[in-house]
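A short worksheet on the structure shown next.
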Amino acid sequence: MEKKPVKIVETVLRDGHQSLAATRMRISDMLPVLEQLDDVGYYALEAWGGATFDACLRFLDEDPWERLRTLRKHVKKTKLQMLLRGQNILGYNHYADDVVKEFVNRSVDNGIDIIRIFDALNDVRNLECAMRATKDAGAHAQGAIVYTVSPYHKDDDFVKLAQDLVSMGADSIAIKDMAGLLRPYAAYNLVKTLKEKTTVPIEIHSHCTSGMASTTYLKAVEAGVDIMDTALSPFSRSTSQPCTESEVAMLEGTPWDTGLELQKLHDLADYFQEVKKNVGYDFNLNMDIPIDPKVLTFQIPGGMLSNLLNQMKEQGSADKYPDLLKEMPRVRAELGWPPLVTPTSQIVGSMAALNVTLGRYKMIPKQVKDLVRGKYGRTPAPIDPAIKKLCIGDEPQIDHRPADDIPPQMEAMKDKLAAAGFPNASIDDVLSYALFPDVALAYFNKHRG
Ligand code: CO
């Protein structure tokens, strides 16, 4: 059989600690081994974006842009990859096109090589602006398929999405399986079809939440996947990615041998074991997260299940938890079967929780109404007509790209920041402020005096 080495993207600096350590890894925890990571021969290091930007400012007293420049200074050979939520950038709602473009430009200028771009609803209109900006900035634009399971998500839909992304200029396609729902044989079929129907490299990104991801990776490899995302052992498995060392060992001596040296990975794993201990101690984290095959039935990512249970305990309604597990898929169906990923997971979850505590759709949050209005984009299936009526009455749904309704924001952000005492703010600071005004301002007041 012809040799076809599988490429590895190491996620320990982003998704690994985002999944297992509440995104609390600091740049000081990374610094001592950046050259060593650079020396492994990874295809890329996923090291920025996702929740790390918010966490830097909110919890770690770090400037996320400074973190990126530091990473770039020490990682000279390996590509740096980030995760971007399309028109939501790294925040939780839609931003104007000028903010998206500027954010992408500055990410690339500060050192990012590959941007993985996704939209919670798989609505390509929400990816257009970020994809174009990435291409214009000369970086690698990776389009992501948000994987989920529903009566409205067939392989054909995912393949069509991948083809649309490629025609928009995607340099590669990622299958983003955030809840670990992708089963091994489903992965085999999906990867095989994507390889047949598209011309770009295919990358697999899964989580071990349901306990299947490593097996899923093996079937994806057999089907011809080009790249897989893994995390060094201390930050792998349970709600994170499969383990780098195990996956590398699994493929050793096969046609898909990654060529990475296990000894180098063991040394790094020893180092990150200590980081895990320190981060857990300093931030009082419970990192003993078991796998949770219930996610396959209830479609709720593991972290979210425990958050919802805690909320219900606080409201004294923990006895309604079994009802919530049944309510969640029902609400998801009524709201048009959105995949459950930031921000739709929170939107569907909070609606389901309110339904079981106060009665069905007695109290409807603004985000639910906005989802029904079409402000997050097109849902995979139509909204249930009766629920639509309850949410927005006879108000029409929008059928255009949601960001078309948002006027440019950059100048207004500069003015606001000037009024808050920072008239000469850098463009990076303006972007931090645009995404997270309160925490950014608190950071500037402390560090930009
Ligand atoms: Co992930």
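The values are calculated or read from the model by the stated rules, or taken from the named source; none is laboratory data. The structure displayed is predicted, hence computed values, not measured ones. No Cβ is skipped: glycine too gets one built from the backbone with ideal geometry, and neighbour counts run over all protein chains shown. What goes into the accessible areas is simple: the full protein's heavy atoms, side chains included, and nothing from ligands, DNA or RNA. Shrake-Rupley method; radii C 1.70, N 1.55, O 1.52, S 1.80 Å.
Hey, which lysines would be in cross-link range of Lys446, C-alpha to C-alpha under 24 Å, not counting anything within fewer than 8 residues on its own chain?
Lys414, Lys416
Test of the criteria: in the range 118-170, which trypsin sites (Lys or Arg not before Pro) are in a DSSP loop and have at most 15 other Cβ atoms within 10 angstrom of their Cβ?
Details: sites: Arg125, Arg132, Lys135, Lys154, Lys160; in loops: Lys154.
The qualifying sites are Lys154.
What is the ratio of the Cα radius of gyration of the chain to 2.2 N^0.38 Å, where N is its residue count, to two decimals?
Working: Rg = 21.4 Å, N = 449, 2.2 N^0.38 = 22.4 Å.
Dividing the Cα radius of gyration by 2.2 N^0.38 Å gives 0.96.
In µm²/s, what is D for the range 1-80 at 10 °C and 1.306 mPa s, where D = kT/(6 pi eta Rh) by Stokes-Einstein and Rh is the Kirkwood radius from Cα pairs? Could you put the intermediate results ahead of the total?
Numbers: Rh = 13.2 Å.
It diffuses with D of about 121 µm²/s by this estimate.
Taking N as the number of residues in the range 295-403, what is its alpha-carbon radius of gyration divided by 2.2 N^0.38 Å?
Details: Rg = 13.7 Å, N = 109, 2.2 N^0.38 = 13.1 Å.
Expressed relative to 2.2 N^0.38 Å, the Cα Rg reads 1.04.
What part of the accessible area of the chain, given as a whole %, is carbon or sulfur when the probe is 1.4 angstrom?
On the way: 9200 of 18080 Å².
The C+S portion of the solvent-accessible surface of the chain is 51 percent.
Would you compute, from DSSP H runs of 4+ residues alone, the mean residue ellipticity of the chain at 222 nm, taking -39500 (n - 2.57) per run and dividing by the full residue count, rounded to the nearest 500? Can you show the working numbers first?
On the way: 21 runs with 212 residues, N = 449.
That comes out to -14000 deg cm²/dmol.
If you average 1/r across every pair of different Cα atoms in the range 232-271 and take the reciprocal, what Kirkwood value do you get, in Å? Could you put the intermediate results ahead of the total?
Working: mean 1/r = 0.0953 Å⁻¹.
Taking every pair of different Cα atoms in the range 232-271, averaging 1/r and inverting gives 10.5 Å.
Would you mind working out the accessible area per residue for the chain, using a 1.4 Å probe, and quoting it in Å²? Spell out each step's value before the answer.
Values: 18080 Å² over 449 residues.
Roughly 40 Å² per residue, with all protein chains present.
If each Cα of the range 49-144 is one equal point scatterer, what is log10 of I(q)/I(0) from the Debye formula at q = 0.13, 0.15, 0.16, 0.18 Å⁻¹?
Debye curve over Cα of the range 49-144, log10 I(q)/I(0) at q = 0.13, 0.15, 0.16, 0.18 Å⁻¹: -0.41, -0.54, -0.62, -0.78.
Which of the GluC sites (Glu not before Pro) across the range 1-92 are loop residues per DSSP, with 15 or fewer other Cβ within 10 Å?
Numbers: sites: Glu2, Glu10, Glu35, Glu46, Glu62, Glu66; in loops: Glu2, Glu62.
Taking the range 1-92 and a limit of 15 other Cβ atoms within 10 Å, the loop GluC sites (Glu not before Pro) found are Glu2.
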